[in-house]
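**Student:** Got a structure for you, questions after.
The values are calculated or read from the model by the stated rules, or taken from the named source; none is laboratory data. This structure is a prediction, so every number in the text was calculated from the model and none was measured. Quick reminder, even Gly has a Cβ in these numbers, built from the backbone with ideal geometry, and neighbours come from all protein chains shown.
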Amino acid sequence: MNVQEGWLYWPYIVSMVLLGILVGRAINLAANIFLTGRWQSAQATKCCHAQQRAIASIWLTFLAYPFHRVGCECCHSLLLCPRIVEFGMGFLFGLVSYHYNVSMATAVPLIYMSILVLISTMDMKNRLVPNTVVYPATVLVFLLFPISQIASDKWIWELYLVSIEGGVVSFLILLFIYLASSGDLGAGDVKLGALIGAATGFPLVLGSLALAFVTGGVAALLLVVLKARGLKDHMPYAPYLAGAAVISLLLGENITEWYQALFKQ
(Lines give C-alpha, C1' and ligand atoms only; values in the text may rest on other atoms or scores of the structure.)
Protein backbone atom coordinates (compact mmCIF):
# COMPACT_ATOMS: atom_id res chain seq x y z
CA MET A 1 0.00 0.00 0.00
CA ASN A 2 1.56 3.29 -1.15
CA VAL A 3 0.59 6.30 0.93
CA GLN A 4 3.67 8.42 0.30
CA GLU A 5 2.07 10.50 -2.45
CA GLY A 6 -1.46 10.78 -1.08
CA TRP A 7 -3.15 12.91 1.53
CA LEU A 8 -2.89 10.01 4.01
CA TYR A 9 0.89 10.30 4.21
CA TRP A 10 1.32 12.64 7.18
CA PRO A 11 -1.67 11.28 9.13
CA TYR A 12 -0.07 7.86 8.63
CA ILE A 13 3.27 9.10 10.01
CA VAL A 14 1.61 10.75 13.01
CA SER A 15 -0.45 7.66 13.75
CA MET A 16 2.68 5.51 13.64
CA VAL A 17 4.47 7.86 16.04
CA LEU A 18 1.55 7.60 18.46
CA LEU A 19 1.55 3.82 18.04
CA GLY A 20 5.27 3.79 18.84
CA ILE A 21 4.63 5.74 22.05
CA LEU A 22 1.99 3.20 23.06
CA VAL A 23 4.39 0.35 22.28
CA GLY A 24 7.01 2.09 24.41
CA ARG A 25 4.52 2.23 27.26
CA ALA A 26 3.84 -1.48 26.81
CA ILE A 27 7.59 -2.16 26.82
CA ASN A 28 7.96 -0.41 30.18
CA LEU A 29 5.13 -2.46 31.64
CA ALA A 30 6.46 -5.70 30.14
CA ALA A 31 9.95 -5.00 31.49
CA ASN A 32 8.56 -4.59 35.00
CA ILE A 33 6.54 -7.79 34.68
CA PHE A 34 9.51 -9.83 33.47
CA LEU A 35 11.84 -8.41 36.12
CA THR A 36 9.52 -8.38 39.13
CA GLY A 37 6.96 -11.05 38.25
CA ARG A 38 4.06 -8.73 39.01
CA TRP A 39 2.02 -6.02 37.26
CA GLN A 40 2.99 -2.51 38.22
CA SER A 41 3.16 0.89 36.61
CA ALA A 42 6.31 1.86 34.73
CA GLN A 43 8.10 3.87 37.35
CA ALA A 44 11.81 4.48 37.46
CA THR A 45 13.45 1.49 39.10
CA LYS A 46 14.94 1.96 42.53
CA CYS A 47 18.68 1.42 42.63
CA CYS A 48 19.74 -1.90 44.15
CA HIS A 49 23.44 -1.07 44.02
CA ALA A 50 23.75 1.69 46.61
CA GLN A 51 27.35 0.77 47.36
CA GLN A 52 28.44 0.89 43.74
CA ARG A 53 29.63 3.95 41.90
CA ALA A 54 26.79 6.08 40.56
CA ILE A 55 25.81 5.60 36.94
CA ALA A 56 26.00 9.34 36.34
CA SER A 57 27.25 12.30 38.32
CA ILE A 58 24.89 14.34 40.47
CA TRP A 59 25.52 17.44 38.39
CA LEU A 60 23.94 15.68 35.41
CA THR A 61 20.61 15.25 37.14
CA PHE A 62 19.25 18.52 35.74
CA LEU A 63 18.98 16.71 32.40
CA ALA A 64 16.36 14.51 34.01
CA TYR A 65 13.69 17.12 34.54
CA PRO A 66 12.44 17.44 30.93
CA PHE A 67 11.87 13.67 30.94
CA HIS A 68 10.59 13.30 34.52
CA ARG A 69 13.76 11.39 35.28
CA VAL A 70 14.17 10.21 38.86
CA GLY A 71 17.45 10.01 40.72
CA CYS A 72 18.32 7.22 43.11
CA GLU A 73 17.61 8.13 46.73
CA CYS A 74 20.62 6.09 47.86
CA CYS A 75 23.46 6.88 45.48
CA HIS A 76 21.95 9.71 43.35
CA SER A 77 22.54 7.72 40.18
CA LEU A 78 20.21 8.45 37.28
CA LEU A 79 17.59 5.77 36.76
CA LEU A 80 15.98 4.79 33.48
CA CYS A 81 13.13 7.12 32.58
CA PRO A 82 9.96 5.57 31.12
CA ARG A 83 9.41 8.69 29.00
CA ILE A 84 12.69 8.13 27.14
CA VAL A 85 11.60 4.64 26.12
CA GLU A 86 8.13 5.79 25.07
CA PHE A 87 9.17 8.82 23.02
CA GLY A 88 12.18 6.92 21.65
CA MET A 89 9.87 4.22 20.31
CA GLY A 90 7.63 6.90 18.84
CA PHE A 91 10.63 8.35 17.02
CA LEU A 92 11.72 4.93 15.70
CA PHE A 93 8.21 4.05 14.49
CA GLY A 94 7.93 7.42 12.76
CA LEU A 95 11.38 7.06 11.18
CA VAL A 96 10.70 3.59 9.78
CA SER A 97 7.28 4.65 8.51
CA TYR A 98 8.82 7.70 6.83
CA HIS A 99 11.25 5.56 4.81
CA TYR A 100 9.03 2.60 3.93
CA ASN A 101 5.54 2.01 2.59
CA VAL A 102 2.83 0.18 4.48
CA SER A 103 3.63 -3.53 4.16
CA MET A 104 4.44 -6.61 6.20
CA ALA A 105 8.12 -5.99 5.43
CA THR A 106 7.80 -2.63 7.18
CA ALA A 107 6.23 -4.25 10.24
CA VAL A 108 9.16 -6.65 10.67
CA PRO A 109 11.82 -4.04 11.65
CA LEU A 110 9.28 -2.47 14.02
CA ILE A 111 8.89 -5.86 15.72
CA TYR A 112 12.68 -6.26 15.82
CA MET A 113 13.14 -2.81 17.35
CA SER A 114 10.45 -3.39 19.96
CA ILE A 115 12.17 -6.60 21.08
CA LEU A 116 15.59 -4.96 21.22
CA VAL A 117 14.33 -1.96 23.17
CA LEU A 118 12.56 -4.28 25.64
CA ILE A 119 15.78 -6.21 26.27
CA SER A 120 17.82 -3.00 26.56
CA THR A 121 15.31 -1.58 29.04
CA MET A 122 15.58 -4.64 31.27
CA ASP A 123 19.37 -4.61 31.07
CA MET A 124 19.54 -0.93 32.02
CA LYS A 125 17.08 -1.36 34.89
CA ASN A 126 18.39 -4.54 36.48
CA ARG A 127 21.49 -5.45 34.45
CA LEU A 128 19.72 -8.57 33.27
CA VAL A 129 19.03 -10.07 29.84
CA PRO A 130 16.46 -12.79 30.70
CA ASN A 131 16.32 -16.05 28.77
CA THR A 132 12.52 -15.94 28.90
CA VAL A 133 12.67 -13.04 26.44
CA VAL A 134 15.79 -13.79 24.40
CA TYR A 135 15.00 -17.39 23.45
CA PRO A 136 11.47 -16.93 22.03
CA ALA A 137 12.47 -13.59 20.49
CA THR A 138 15.34 -15.28 18.63
CA VAL A 139 12.95 -17.87 17.19
CA LEU A 140 10.50 -15.14 16.14
CA VAL A 141 13.24 -13.04 14.54
CA PHE A 142 14.50 -16.06 12.63
CA LEU A 143 11.05 -16.94 11.30
CA LEU A 144 10.40 -13.35 10.15
CA PHE A 145 13.77 -12.85 8.45
CA PRO A 146 12.68 -13.83 4.88
CA ILE A 147 10.05 -11.05 4.79
CA SER A 148 12.21 -8.33 6.35
CA GLN A 149 13.39 -5.26 4.45
CA ILE A 150 17.01 -6.46 4.37
CA ALA A 151 16.12 -9.83 2.81
CA SER A 152 17.28 -10.06 -0.81
CA ASP A 153 15.80 -11.93 -3.77
CA LYS A 154 16.88 -15.42 -2.77
CA TRP A 155 15.17 -18.70 -2.12
CA ILE A 156 13.59 -18.87 1.33
CA TRP A 157 15.99 -21.59 2.50
CA GLU A 158 18.92 -19.39 1.44
CA LEU A 159 17.53 -16.49 3.47
CA TYR A 160 17.13 -18.71 6.51
CA LEU A 161 20.74 -19.82 6.02
CA VAL A 162 21.85 -16.17 6.00
CA SER A 163 20.00 -15.63 9.29
CA ILE A 164 21.50 -18.76 10.85
CA GLU A 165 25.01 -17.76 9.74
CA GLY A 166 24.55 -14.32 11.27
CA GLY A 167 23.34 -15.75 14.56
CA VAL A 168 26.14 -18.32 14.81
CA VAL A 169 28.90 -15.88 13.85
CA SER A 170 27.68 -13.22 16.27
CA PHE A 171 27.28 -15.77 19.08
CA LEU A 172 30.80 -17.16 18.58
CA ILE A 173 32.42 -13.71 18.44
CA LEU A 174 30.72 -12.55 21.64
CA LEU A 175 31.33 -15.91 23.31
CA PHE A 176 35.06 -15.54 22.64
CA ILE A 177 35.02 -12.03 24.12
CA TYR A 178 33.00 -13.30 27.10
CA LEU A 179 35.49 -16.08 27.82
CA ALA A 180 38.53 -13.87 27.22
CA SER A 181 37.33 -10.90 29.28
CA SER A 182 37.02 -10.57 33.03
CA GLY A 183 33.25 -10.22 33.21
CA ASP A 184 32.96 -7.08 31.09
CA LEU A 185 30.52 -8.90 28.82
CA GLY A 186 27.70 -10.96 30.33
CA ALA A 187 26.31 -14.31 29.22
CA GLY A 188 23.05 -12.56 28.39
CA ASP A 189 24.90 -10.30 25.96
CA VAL A 190 26.26 -13.38 24.19
CA LYS A 191 22.75 -14.78 23.73
CA LEU A 192 21.54 -11.35 22.64
CA GLY A 193 24.28 -11.43 20.02
CA ALA A 194 22.73 -14.56 18.52
CA LEU A 195 19.37 -12.77 18.32
CA ILE A 196 20.93 -9.75 16.64
CA GLY A 197 22.80 -11.96 14.20
CA ALA A 198 19.58 -13.76 13.27
CA ALA A 199 17.89 -10.38 12.71
CA THR A 200 20.62 -8.80 10.58
CA GLY A 201 22.05 -11.88 8.89
CA PHE A 202 25.55 -12.44 7.58
CA PRO A 203 27.64 -10.41 6.73
CA LEU A 204 25.62 -7.42 7.96
CA VAL A 205 26.03 -8.60 11.54
CA LEU A 206 29.78 -7.92 11.33
CA GLY A 207 29.14 -4.24 10.73
CA SER A 208 26.56 -4.21 13.52
CA LEU A 209 29.00 -5.71 16.04
CA ALA A 210 31.78 -3.35 14.96
CA LEU A 211 29.47 -0.38 15.48
CA ALA A 212 28.43 -1.72 18.91
CA PHE A 213 32.06 -2.12 19.99
CA VAL A 214 32.95 1.40 18.87
CA THR A 215 29.96 3.13 20.45
CA GLY A 216 30.22 1.07 23.64
CA GLY A 217 33.93 1.80 23.96
CA VAL A 218 33.48 5.53 23.37
CA ALA A 219 30.62 5.67 25.90
CA ALA A 220 32.65 3.79 28.52
CA LEU A 221 35.63 6.09 28.00
CA LEU A 222 33.42 9.17 28.26
CA LEU A 223 31.86 7.94 31.51
CA VAL A 224 35.31 7.30 32.99
CA VAL A 225 36.54 10.74 31.94
CA LEU A 226 33.45 12.33 33.51
CA LYS A 227 34.06 10.23 36.63
CA ALA A 228 30.59 8.75 36.29
CA ARG A 229 31.99 5.23 36.60
CA GLY A 230 35.24 3.50 37.47
CA LEU A 231 37.40 1.36 35.23
CA LYS A 232 36.17 -1.80 36.96
CA ASP A 233 32.49 -0.85 37.12
CA HIS A 234 30.04 -2.89 35.08
CA MET A 235 28.24 -1.13 32.24
CA PRO A 236 25.11 -2.57 30.58
CA TYR A 237 26.15 -3.54 27.07
CA ALA A 238 22.81 -4.66 25.65
CA PRO A 239 21.76 -1.08 24.72
CA TYR A 240 24.84 -0.68 22.52
CA LEU A 241 24.36 -4.06 20.84
CA ALA A 242 20.69 -3.27 20.30
CA GLY A 243 21.34 0.29 19.11
CA ALA A 244 23.91 -0.88 16.58
CA ALA A 245 21.48 -3.53 15.36
CA VAL A 246 18.74 -0.93 14.87
CA ILE A 247 21.09 1.25 12.83
CA SER A 248 22.10 -1.77 10.75
CA LEU A 249 18.47 -2.66 10.12
CA LEU A 250 17.74 0.88 8.95
CA LEU A 251 20.83 1.29 6.78
CA GLY A 252 20.94 -2.28 5.49
CA GLU A 253 23.85 -3.22 3.28
CA ASN A 254 25.06 0.40 3.21
CA ILE A 255 26.75 -0.02 6.58
CA THR A 256 28.68 -3.09 5.36
CA GLU A 257 29.79 -1.24 2.23
CA TRP A 258 30.88 1.71 4.37
CA TYR A 259 33.06 -0.52 6.57
CA GLN A 260 34.57 -2.24 3.53
CA ALA A 261 35.42 1.11 1.96
CA LEU A 262 36.91 2.31 5.24
CA PHE A 263 39.29 -0.65 5.53
CA LYS A 264 40.31 -0.39 1.87
CA GLN A 265 41.63 3.14 2.37
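**Student:** Hey, does segment 157-176 have a residue that's at pLDDT 90 or above and touching an Asp or Glu at 6+ places or on another chain (Cβ under 7 Å)? Can you show your working first?
**Tutor:** Within segment 157-176, the subset at pLDDT 90 or above is 160-176.
Checking the rest, the ones that are also touching an Asp or Glu at 6+ places or on another chain (Cβ under 7 Å) come to 174.
Looking for residues that are at pLDDT 90 or above and touching an Asp or Glu at 6+ places or on another chain (Cβ under 7 Å), one finds at least one in segment 157-176, hence yes.
**Student:** Which one is modelled with the lowest pLDDT, of the residues in segment 140-156 that are exposed (fewer than 12 other Cβ atoms within 10 Å of the Cβ) and more than 12 Å from GLY201 (Cα to Cα)? Even if it seems obvious, please write down each step before you answer.
**Tutor:** If we filter segment 140-156 for residues that are exposed (fewer than 12 other Cβ atoms within 10 Å of the Cβ), which is where we start, we get 152-153, 155-156.
Subsequent filtering for residues that are more than 12 Å from GLY201 (Cα to Cα) retains 153, 155-156.
Numbers: ASP153: 71, TRP155: 82, ILE156: 85.
Taking the candidates together, the pick is ASP153.
**Student:** Looking at (1) modelled with pLDDT of 50 or more; (2) part of a loop (DSSP other than H, G, I, E, B); (3) in contact with a Leu (Cβ under 8 Å, 6 or more places away or on another chain); (4) not hydroxyl-bearing (Ser, Thr, Tyr), can you tell me which one ARG69 breaks?
**Tutor:** For ARG69, the failing item is (1).
**Student:** Quick check, is ASP184 farther than 29 Å from ASN101 by Cα and surrounded by 20 or more Cβ atoms within 10 Å (Cβ to Cβ)?
**Tutor:** It is false that ASP184 is farther than 29 Å from ASN101 by Cα and surrounded by 20 or more Cβ atoms within 10 Å (Cβ to Cβ).
**Student:** Identify all residues within segment 170-189 that are touching a Phe, Trp or Tyr at 6+ places or on another chain (Cβ under 7 Å) and within 19 Å of ILE247 (Cα to Cα); write none if there are none.
**Tutor:** ASP189 - this is the single residue of segment 170-189 that is touching a Phe, Trp or Tyr at 6+ places or on another chain (Cβ under 7 Å) and within 19 Å of ILE247 (Cα to Cα).
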